[in-house]
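What follows is a single structure, written as structure tokens, with notes after it.
The values are calculated or read from the model by the stated rules, or taken from the named source; none is laboratory data. Every value quoted in this text rests on a predicted model; they were computed, and no experiment measured them. Please note: Cβ atoms are built from the backbone with ideal geometry, for glycine as well, and neighbour counts cover all protein chains shown. What goes into the accessible areas is simple: the full protein's heavy atoms, side chains included, and nothing from ligands, DNA or RNA. Shrake-Rupley method; radii C 1.70, N 1.55, O 1.52, S 1.80 Å.
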Amino acid sequence: MPQPIIEFKNFGFQYDAQAEPTLHNIDLAIYPGEKVLIAGPSGSGKSTIASCINGLIPFSYPGKCTGSLTVAGLDAPHSSLFELSKYVGTVLQDPDGQFIGLTVAEDIAFALENDQVEQGKMKQIVQQVARLVDIDGQLGSAPHALSGGQKQRVSLAGVMVDDVDILLFDEPLANLDPATGKQTIELIEAIQQRSGAAVVIIEHRLEDVLWRSVDRIVLVGEGRILADTTPDQLLASGLLTENGIREPLYLTALKYAGVEITPEKRPAHIDTIQLEEADKEKMREWFRQTPPAPPAPQQEVLLEVEDLTFGYEEGQTNLEHVSFQVHKGEMLSIVGRNGAGKSTLSKLICGFETPNSGRIRLNGRDLSGDTIKERAAHIGYVMQNPNQMISKPMIWDEVELGLLQTEMTAEERKARVEETLKICGLYPFRKWPVSALSFGQKKRVTIASVLVMDPEIIILDEPTAGQDFRHYTDIMEFLRSLNKRGVTVMMITHDMHLMQEYTGRALVFSQKRLLHDGTAVEALTTPELVKEASLKETSLFTLAQKCGVEPPQAFVQRFIDYDRQVRDDE
């Protein structure tokens, strides 16, 4: 039996700033060449485990360690960051916090420069690695000017140039479109097979990670290891939903039909799951017995986008001839590949950019003469990266900031801020500094700071990125409650679960143009559209085909409506 490359023995950790330990009695061994997924709700301690492995704890985040931790034979808590970096390569959840170079090429080459690699060889390695992650066309670009998915690829390339023994990925899929997420998982597997490195992945998007096999899933909760087992064993156990992790939708659908999920059925992936004919008949019977939901009535038009064209630079366009209408009280998704123009569209609607041609109207009125502030009274915008929005050091002050420009009294402001913080799950942290929060918690602060203004339309760029299922559900149910009161919600998202579960309509973008304006189910069950817009065919569609349910598109819609009703009744 080989020696573990990472070994925790009765390990505990308490941050200096916290009154209680974050990790308790961690016993975990990871071996060379293994691929291990660490899952758990926000605040469970999984990112703290990662920071212990790569040396950020205790050197960047001071605190007290107990027990022992060895990484590549080193006593990790007593080794330097530099020593550990020779063995551990890390891709962070927030790529902006990882960039060093002024250009993509410089950033990828950073580790090679530290190792004094000869310049000709360095350029060759950078070009080769950039081609592997499909970022070679952006080598001269500034990293911060790239889309979220492109930034993640640069971070991945920067790790790949080093010949490390351990590859550590903290939420690697958070900013990626579904197809790019699949490619990233495939790329991680290819890198592992070529290098023989141990791979540790921390990720909320469980179904997406399981696109390629993992050896084990380590489930963490409240700073303790709750399970350390195979994917098939864990998915059959029910522990995921009990601990705030979203199970794959095809498993939920099978359970609704009364199909028992056992490890022998190999439930870790829709392509591997073994279903008997009796199981398939249960699915067909469930479909026959479940009536379709009545269509929702359509309200009057609120927002009109007419023949919109825009480019950041002269002679280039980022959006071309985009037209659509949004009705009052709608909740819709804006989806498509990274760099397709989704975030650009939201900036145009909010007035951050001015279109080259075309019109944007709100309640029939042309917005071209309105300032950003005037638009903000009606249209709230939550950016993808919370660090680009937050301007106050304390959470309460950040959420209250927009209300200070209104005529509300101090008591009215206090009541509004408290209500919003409670809904967003931030009330226990109301006196905390923003700097003490995780990336996901910062995201909730930015959502709270916009929701507190009670806007007519809310546009959210990746509202649930980095959120565990419980906080994801809290935020989405809150947005849905606003929507029920008539607030229009538009979400830019790479999360196909979110699109299916919460939005009846999807605007699908690719190559600067609006490809599709129709139902979310159509977007995820039309193979040509899935491919062109870098979406991901829903596993529900695959399950329907496996079970012989006809038509499979109707099955997907029936499941979404039924699942919504079940959760509303709970």
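Observations, loosely collected:
- Any hit, region 106-117, residues being touching a strand residue (DSSP E or B) at 6+ places or on another chain (Cβ under 7 Å), crowded, with 16+ Cβ neighbours inside 10 Å and β-branched (V, I, T): no
- Inside region 54-71, residues that are at pLDDT 95 or above and within 15 Å of G89 (Cβ to Cβ) make up a count of 1.
- Filtered residue count, region 149-176, keeping only those that are more than 20 Å from L535 (Cβ to Cβ) and either assigned to a helix (DSSP H, G or I) or not acidic (D, E) (or both): 14
- Test: residue in region 87-96 that is modelled with pLDDT of 90 or more, more than 24 Å from the chain's Cα centre (by Cα) and surrounded by 15 or more Cβ atoms within 10 Å (Cβ to Cβ): yes
- Filter result (open to solvent by 20 Å² or more (accessible area, probe 1.4 Å), among the polar types (S, T, N, Q) and touching a residue at least 24 places away in the same chain (Cβ under 8 Å)) within region 297-339: Q298, Q299, T317, N318, S323, Q325, N338
- Enumeration of residues in region 538-570 that are open to solvent by 60 Å² or more (accessible area, probe 1.4 Å) and charged (D, E, K, R): K546, E550, D568, D569, E570
- Restricting attention to region 301-350, the residues being within 24 Å of the chain's Cα centre (by Cα) and charged (D, E, K, R) number 4.
- Region 279-292 - residue that is of a type outside the set (D, E, K, R) and open to solvent by 50 Å² or more (accessible area, probe 1.4 Å) and, of those, nearest to E260 (Cα to Cα): Q289
- Within region 196-245, being among the charged types (D, E, K, R) and either over 25 Å from S534 (Cβ atoms) or assigned by TED's automatic domain parsing to the domain that holds E264 (or both) holds for D215, R216, E222, R224, D228, D232, E242.
- Among residues of region 343-381 being in contact with a Pro (Cβ under 7 Å, 6 or more places away or on another chain) and not small (G, A, S), the one that is surrounded by the fewest Cβ atoms within 10 Å (Cβ to Cβ) is H378.
- Flag if V556 is within 23 Å of the chain's Cα centre (by Cα) and under 24 Å from E276 (Cα atoms): yes
- Checking V154 against (1) surrounded by 23 or more Cβ atoms within 10 Å (Cβ to Cβ); (2) touching a strand residue (DSSP E or B) at 6+ places or on another chain (Cβ under 7 Å), the condition it does not meet: (2)
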